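What follows is a single structure, written as C-alpha cells, with notes after it.
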Amino acid sequence: MRSIIRTAVLTTAVAAFTVTAPALGSAATADEVGYAFGVDGTSVTNTIINTTDGVLTCTTSLATAPGGVLPPIWEVTGPGQTLYASDQVQPGTTTQTITEVPDGSYVALATCVNADNTAMWASDYPGIGDILALFPLTAFAVQQSSTVLTVPTDAPAPPVPGLGLPAFGSSN
C-alpha cells in the first residue's frame, strides 16, 4: 500500500513540475520592453521595443507638465487623460503616435501589459512603484523614464529661396 501512495505522490509532484516548468521558462523580465519618446511637429511618438514572445497592449499618454516640471504621479495617472494612443503591439519595434498635440510641455507615460494580464511594463517615473503595487501582476519600471517633451509653438514660415523673405501670406 505504501508503494501506491509513494507512486501517487511522486506522480503528482512530477505532474505539478511539468505544468509549472514552462511558466518558469517564460517568466517576464524588466528588459523585455523598451520605450523611446520623441516629438515630430505637433505629434508625440513612442517607439516601443517588444522582445516578449507575444502581443502586448500598450498605451502612450500625455499629461501637461507646466513649466517643464514633472507633475505628481497621481495627477498623471488619474482620470481625464485625453491625449493618448493605445494599440496591440507585436514582438519587434512599433511606434505609437499621438497627433495634433497642442503647444506646450507634456510628460509622456507609457505602459504595456501582456495578453494574459500577468506582467506590466511602465515607463519609470517618480512614485511609479506606488502605482504598480496596486496591480495584482508582475510589474516593471522600464529604464526609459517618462520624459518632459515640448511641442513647439508655430514655426516661422521658411524663407523664399534666394530672397531670404518669408513665404507669401506669412505674418513673419
_Residues satisfying the stated conditions in segment 37-69, i.e. closer than 10 Å to A108 by Cα and outside any strand (DSSP E or B)_ = A65
*Residue check, T95 against (1) under 16 Å from the mean Cα position of the chain (by Cα); (2) surrounded by fewer than 19 Cβ atoms within 10 Å (Cβ to Cβ); (3) within 20 Å of M120 (Cβ to Cβ), all met but one. Which one?*
(3)
*asked:* For segment 72-83, which positions are surrounded by 14 or more Cβ atoms within 10 Å (Cβ to Cβ) and either in a loop (DSSP other than H, G, I, E, B) or touching a strand residue (DSSP E or B) at 6+ places or on another chain (Cβ under 7 Å) (or both)?
replied: V76, L83
*Among the numbered criteria (1) at pLDDT below 90; (2) closer than 20 Å to N46 by Cα; (3) outside any loop (DSSP other than H, G, I, E, B), which single criterion is violated by F140?*
(1)
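The values are calculated or read from the model by the stated rules, or taken from the named source; none is laboratory data. None of these values were measured; they are calculated from a predicted model. Positions of Cβ are backbone-derived with ideal geometry, glycine not excepted, and every protein chain shown enters the neighbour counts.
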